[in-house]
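To start, the structure itself, in structure tokens.
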Amino acid sequence: MTEYQLPKVWEWDDENDNISGNRPTAGSRFEQTLPVGDAPLQVYSLGTPNGIKVAVMLEELKELGVEGADYDMYRIAIGDGDQFGSDFVDINPNSKIPALVDHSVEPSLNIFESGSILLYLAEKYQQLIPTDIHGRTETMNWVFWQVAGGGFVGGGFGHFFAYAPEKIKYAIDRYAMETKRQLDLLDKTLAKRPYLAGDTYTIADIINWSWYGRLVLGNLYEGSAKFLDVESYPHLMEWAKRINDRPGVQKGLAAEYKDIK
Ligand SMILES: N[C@@H](CCC(=O)N[C@@H](CS)C(=O)NCC(=O)O)C(=O)O
């Protein structure tokens, strides 16, 4: 392991900017004009585990016959730093995809954080969220669980497993352990019921499937499904495959991202 002496005050090493593009400051870095299409909903995203959630949600709404959920979707190339442009930062000051603008309300509405976006769409169209207090609360439990922990832990695992410039055993062990604990929790929950929040398919399934569902199906971080021994979670695997086969999910994965330039 690399020798590291803790300084009294942490300072940013700009070599890291070459790895992730991230810096310890928020705010826009350059002027940018994002395109706005004719559809009421404008999605700015990318085909990452967090990014796909919105297109999957919108295609599921269309499959349910919802009218008015038309959208244009634009590619925010996070590897090229598009998320730090002024227009994107106006929509999402946190500079992360996905982001949504609803132009069907006056004035138009900016929505960021995937959990907030899915909840907004579920409430707007009264779909994919139960209306009874028990079902709704259990759905929210699993939505918040995903955005608060699942993405961050799974993403931390992916970072140290696949992207970090050196393999650090301590970091990989820590994140692999917590990722597996979360996969075990999903498996144990799905042993008792067909969907995360109960008997019906909800935004809790969409948001969790987009991340851990795709991970266990082998779609993220080459070699990680075997490394995490995902076959040892049979209920989670069955749920992941079942949701993967939904027409709305497949349409969401195949949805077109338009160029912003
Ligand atoms: N909690 C956020 C996480 C969003 C997120 O981390 N998005 C990643 C891509 S999956 C991103 O935009 N990364 C760009 C960056 O960190 O600069 C959500 O659920 O929307």
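Using the Cα centre as the reference, give the magnitude of the dipole from point charges on the C-beta atoms of the chain (Lys, Arg: +1; Asp, Glu: -1; all else neutral), rounded to the nearest 20 debye.
About 780 debye.
Tell me the GluC sites (Glu not before Pro) within the stretch 20-113 that lie in a loop according to DSSP and have at most 14 other beta-carbon atoms within 10 Å.
Of the GluC sites (Glu not before Pro), the ones in loops of the stretch 20-113 whose Cβ has at most 14 other Cβ atoms within 10 Å are GLU31, GLU67.
Rounded if a/c is under 1.5, else prolate if a/b is larger than b/c, else oblate: which is the stretch 1-75, with a ≥ b ≥ c the root eigenvalues of its Cα gyration tensor?
Here the stretch 1-75 falls in the prolate category.
What does the extension gain come out to for HIS134 and ALA26, with contour length at 0.36 nm per residue minus their alpha carbon separation?
Fully extending the segment from HIS134 to ALA26 adds 35.1 nm.
Of the chain, which part is the longest with no chymotrypsin sites (Phe, Trp or Tyr not before Pro) in a loop (DSSP not H, G, I, E, B) and with at most 10 other C-beta atoms within 10 angstrom?
Maximal segment without exposed cleavage sites: 11-261.
Hydropathy at least -1.0 by Kyte-Doolittle, axial extent at least 27 angstrom from the Cα trace: which helices of the chain, defined as entire DSSP H runs, fit?
The qualifying helices are 169-190.
Please work out whether the stretch 133-246 counts as rounded, prolate or oblate from its C-alpha gyration tensor, where a ≥ b ≥ c are the square roots of the eigenvalues and a/c under 1.5 means rounded, while otherwise a/b larger than b/c means prolate and anything else oblate?
Taking the square roots of the gyration eigenvalues as a ≥ b ≥ c, the stretch 133-246 is prolate.
Relative to the present Cα-Cα distance, how much length would full extension add between ARG193 and ASP38 at 0.36 nm per residue of separation?
51.7 nm
Kindly provide the GluC sites (Glu not before Pro) of the stretch 118-187 that DSSP labels as loop, not H, G, I, E or B, and whose Cβ sees at most 16 other Cβ atoms within 10 Å.
Passing sites in the stretch 118-187 are GLU166.
According to the square roots a ≥ b ≥ c of the eigenvalues of the Cα gyration tensor, what is the shape class of the chain, taking rounded for a/c under 1.5, prolate for a/b larger than b/c otherwise, and oblate for the remainder?
It is oblate, given that a/c is not under 1.5 and a/b is not larger than b/c.
Could you give the dipole magnitude of the stretch 133-246 about its Cα centre, charging the beta-carbon of Lys and Arg +1 and that of Asp and Glu -1, in debye to the nearest 20?
80
Testing the spin-label approximation: label points 7 Å from Cα along Cα→Cβ at GLU166 and ASN16. State their distance in nm.
Between GLU166 and ASN16, the label points sit 1.6 nm apart.
Considering only DSSP beta bridges with both partners in the chain, what is the antiparallel share in %, to the nearest 5?
Once the DSSP bridges in the chain are tallied, antiparallel ones form about 55 percent.
For the stretch 157-233 and the stretch 112-135, what is the separation of their C-alpha centers, rounded to whole Å?
That distance is 23 Å.
How much length is gained on full extension from GLN126 to ARG174, taking 0.36 nm per residue of separation minus their Cα-Cα distance?
13.3 nm
Using the 10 angstrom Cβ neighbour count as an exposure proxy, how do THR137, THR200, THR179, THR189 rank, fewest first?
THR137, THR200, THR189, THR179
Quick one: among VAL36, VAL105, VAL216, which has the greatest mean-square fluctuation in a GNM of the chain with alpha-carbon springs under 10 angstrom?
Between VAL36, VAL105, VAL216, it is VAL105 that shows the largest mean-square fluctuation.
What does the helix-only formula give at 222 nm for the chain: each DSSP H stretch with n ≥ 4 adding -39500 (n - 2.57), the total divided by the residues, and the result rounded to the nearest 500 deg cm²/dmol?
The helix contribution divided over the chain gives -12000 deg cm²/dmol.
Computed from the coordinates by the stated procedures, all read-outs in this text should not be read as laboratory data. Values in this document were obtained by computation on a predicted structure and should not be read as measured data. Neighbour counts run over all protein chains shown; Cβ positions are idealised from the backbone, glycine included.
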